[in-house]
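One structure is given here, and the rest of the page talks about it.
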Amino acid sequence: MFNILPSIKTAIILLIIGLVLASLTAAGVMFFSPTLIGITSVQMGLLIGELFLPLPIYLWAKKNGANLCKLFRINYVPWRAVTAAIPLSLGLTIIIDELDRFAQTLASTPLEFSKIQEIVTISNPLSAVFIIGVVVIIAPLVEELVFRGFLQRILEYRIRDVTKAVLYSALIFAFIHFNPWWIVQIYIIGVFMGYVAWRTNSIWISFVIHAINNGVAILFSHLADGTMGWYEWKGYVSPIILFAGILLLFGGMYWFRRNTPTYDRRTEFLLIEDQSDNQPKTGNE
């Protein structure tokens with residue numbers, strides 16, 4: 001297999017097709033699938049629909065003989081970098097939670113707009129395994145493969161501006177969640193995940209950040225009322241916890257940078273252009 005990258009136009013088309021397939025599949029499953037031992041049709045639709053998101057990219061890669069590991073940025077990272085992502089993730093999650101609470105005071109999310117609470121609701125041990133497996137592992141992995149692995153990788157190489165590549169991919173990532181009330185929070189997380197994916201040339205650290213953020217969201221949604229006194233203060237995150245989150249974020253970022261040297265990216269790639277162009281050409285990153 002070869003190190004092949006499609007054009008930005010082709011990448012966007014593949015992404016749109018994947019989103020359409022995922023949405024239609026999820027909608028079909030939600031409509032036809034009954035509740036199964038505590039697992040609702042919405043939850044089942046999320047799992048099955050998510051799996052269709054990278055399918056067009058996979059088929060394109062097989063057709064063109066592309067190296068899937070290179071295309072999806074599946075590269076080794078040292079364990080020290082992975083452990084550094086844990087405090088970074090926790091700090092970022094706390095800060096984003098505070099930002100979300102502030103945003104809700106300006107414009108609260110309509111209850112009928114999102115089914116997120118139903119998606120993460122655990123009703124029995126089987127649904128717990130299912131929800132944690134989907135929301136904490138499968139969904140973050142699929143989305144990191146597509147957005148930080150595939151899309152951002154192409155933007156970095158094609159436009160040759162890492163900052164723009166990270167910002168653009170994070171913006172697209174935020175928009176595809178189709179929730180205008182969370183777009184800023186998701187965008188900020190996307191920027192952090194894009195940065196660590198670029199620095200390590202791998203999706204594994206961004207996957208850890210994504211998984212921890214989703215896992216904390218599940219945990220908080222199941223804590224009983226009155227048990228968050230240590231964390232909340234007048235409807236906001238406690239100043240002490242918020243300060244600890246800032247320390248975790250900056251300390252984790254420092255630890256991460258110390259243990260993740262910027263990797264050499266001068267790999268040869270075959271650039272697949274659109275059919276309107278003459279023929280493929282090679283380039284150095």
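Close Lys pairs in the chain (alpha-carbon distance under 22 Å; sequence gap of 8 or more, or different chains): 10.
Build a GNM of the chain with springs between Cα atoms under 10 Å apart, and of Asn201, Asn213, Asn75 the one that fluctuates most is Asn75. Computed about the Cα centre, the dipole magnitude for the chain is approximately 820 debye when only Lys and Arg (+1) and Asp and Glu (-1) carry charge, each at its Cβ. In degrees from 0 to 90, rounded to the nearest 10, what is the angle of the helix 41-51 Cα long axis to the longest principal axis of the chain? Here the helix axis deviates by roughly 20 degrees. A dipole drawn for the stretch 100-239 from +1 and -1 charges on Cβ atoms has a positive end, and of Val146, Ile183, His210 the residue lying farthest that way is Val146.
With Cβ to Cβ distances under 15 Å as the rule, what net charge do the other residues near Tyr168 carry (K, R +1; D, E -1)? That works out to +4.
Please tell me the relative contact order of the stretch 4-284 in percent, rounded to the nearest whole number, where contacts are Cα pairs under 8 Å and at least six residues apart. Write out the running numbers ahead of the final one.
Numbers: 382 pairs, mean separation 79.6, N = 281.
Across the stretch 4-284, relative contact order equals 28 percent.
The region of the chain that goes longest without hitting one of the trypsin sites (Lys or Arg not before Pro) in a DSSP loop, each with at most 10 other Cβ atoms within 10 Å, is 1-233. Remark: spin-label model distance Ile8-Tyr231 equals 4.0 nm, labels positioned 7 Å along the Cα→Cβ axis.
Please determine, in degrees from 0 to 90 and to the nearest 10, the orientation of helix 55-64 with respect to the longest principal axis defined by the Cα atoms of the chain, where the helix direction is its Cα long axis. Around 20 degrees separate the two axes.
Taking other Cβ within 10 Å of each residue's Cβ, how do Val29, Val134, Val184 sort, fewest first? If you can, show how the numbers build up before the last one.
On the way: Val29 18, Val134 23, Val184 14.
Listing Val29, Val134, Val184 from fewest to most nearby Cβ atoms yields Val184, Val29, Val134.
For the chain, the longest principal axis of the C-alpha atoms and the axis of helix 204-222 are separated by about 20°.
Between the residues Ala165, Asn75, Leu24, the greatest Cα displacement towards the positive end of the dipole of the chain, with unit charges on the Cβ of Lys, Arg, Asp and Glu, is found for Asn75. Have a look at Glu143, Glu156, Glu232 and tell me which one the Gaussian network model of the chain (Cα, springs below 10 Å) gives the largest fluctuation. Result: Glu232 has the largest fluctuation of those listed. Kindly provide the chymotrypsin sites (Phe, Trp or Tyr not before Pro) of the stretch 1-86 that DSSP labels as loop, not H, G, I, E or B, and whose Cβ sees at most 14 other Cβ atoms within 10 Å. Those satisfying the criteria are Tyr76. Note on Arg257 and Thr83: their simple-model spin labels are 2.1 nm apart, each label 7 Å out from Cα toward Cβ.
Every number in this text was worked out from the coordinates using simple rules, so none of it is lab data. Treat the numbers as computed from the prediction; the structure is a model and nothing was measured. Every residue, glycine as well, gets a Cβ built from its backbone with ideal geometry; the counts of neighbours run over all protein chains shown.
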